[in-house]
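This report concerns only the one structure given below.
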Amino acid sequence: MKVWWQQLNSREQRLVATMAVFFIIFIFYSAIWQPLNKSLAEANNKLARQQQLLSWVQENTALYQQAKRASGKKNFTGSISSAANRSAKTYKLTITRMQPQGDDLQVWIDSTPFTQLLFWLEHLANVEGLKVKAIDLSQGNITGEVKVRRLHLSRL
């Protein structure tokens, strides 16, 4: 390499040296600087998206908590069995068996549409002030239907 360098005249040596500097700058830019800048920009974009998501979650959490307080969920004061019977008729569910257990109630329902059951359970929780302690479901006779082997309801 040294022999080759010495064979070049001074003008060619300057040209090769200048090209070497440009080549080193190009390698530095394409291998280090550009990927680093790209990663930094992506990280900044990700941070901005995460901050937007955080602010959205905080706003909606506050709205949810406000709505929860405004709904004024009252503790249930009537009979659990009467509330379950009344609301089951509204949602066209047929309760096959009910068994009170102290302050709680166990309910059995034969084959019923799963979505109707979910709407009824949501009604019990949000309107009637009851909560589901445990539920045991099995597949119904028809697709989309379930059998409630045991539903354990209690007061909030």
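The values are calculated or read from the model by the stated rules, or taken from the named source; none is laboratory data. If you're wondering where the values come from, they're calculated on a predicted model, not measured in any experiment. Glycine also receives a Cβ, built like all others from the backbone with ideal geometry; neighbour counts cover every protein chain displayed. Protein only, heavy atoms only, side chains kept; ligands, DNA and RNA dropped before computing areas. Shrake-Rupley method; radii C 1.70, N 1.55, O 1.52, S 1.80 Å.
Here are the numbers for the structure shown:
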{"read-out": "Long-range neighbours under 7 Å by Cβ, at least six apart or interchain, first residue at pLDDT 90 or above within the range 1-28, second in a loop (DSSP other than H, G, I, E, B) and surrounded by 10 or more Cβ atoms within 10 Å (Cβ to Cβ)", "value": "Val16/Leu8"}
{"read-out": "Filter result (outside any strand (DSSP E or B), touching a strand residue (DSSP E or B) at 6+ places or on another chain (Cβ under 7 Å) and either crowded, with 16+ Cβ neighbours inside 10 Å or not aliphatic (A, V, I, L, M) (or both)) within the range 130-156", "value": "Gly140, Asn141, Gly144"}
{"read-out": "Counted residues, the range 96-122 - those being in contact with a Phe, Trp or Tyr (Cβ under 7 Å, 6 or more places away or on another chain) and in a strand (DSSP E or B)", "value": "2"}
{"read-out": "Matching residues, the range 1-18, being open to solvent by less than 100 Å² (accessible area, probe 1.4 Å), part of a helix (DSSP H, G or I) and not β-branched (Val, Ile, Thr)", "value": "Trp5, Ser10, Glu12, Gln13, Ala17"}
{"read-out": "Residues of the range 93-107 classified as of a type outside the set (A, V, I, L, M) and over 10 Å from His152 (Cα atoms), total", "value": "5"}
{"read-out": "Filter pass, Lys68 being among the basic types (Lys, Arg), in a helix (DSSP H, G or I) and at pLDDT below 90", "value": "yes"}
{"read-out": "Identity of the residue in the range 105-129, open to solvent by 30 Å² or more (accessible area, probe 1.4 Å) and touching a Ser or Thr at 6+ places or on another chain (Cβ under 6 Å), that ends up farthest from Ser87 (Cα to Cα)", "value": "Asp110"}
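Yes or no, residue by residue, for (1) within 30 Å of Tyr64 (Cβ to Cβ); (2) over 27 Å from the mean Cα position of the chain (by Cα):
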site	(1), (2)
Ser87	yes, yes
Thr94	no, yes
Gln99	no, yes
Asp103	yes, yes
Gln116	yes, no
Leu124	yes, no
Lys133	yes, no
Gly144	no, no
Lys147	no, yes
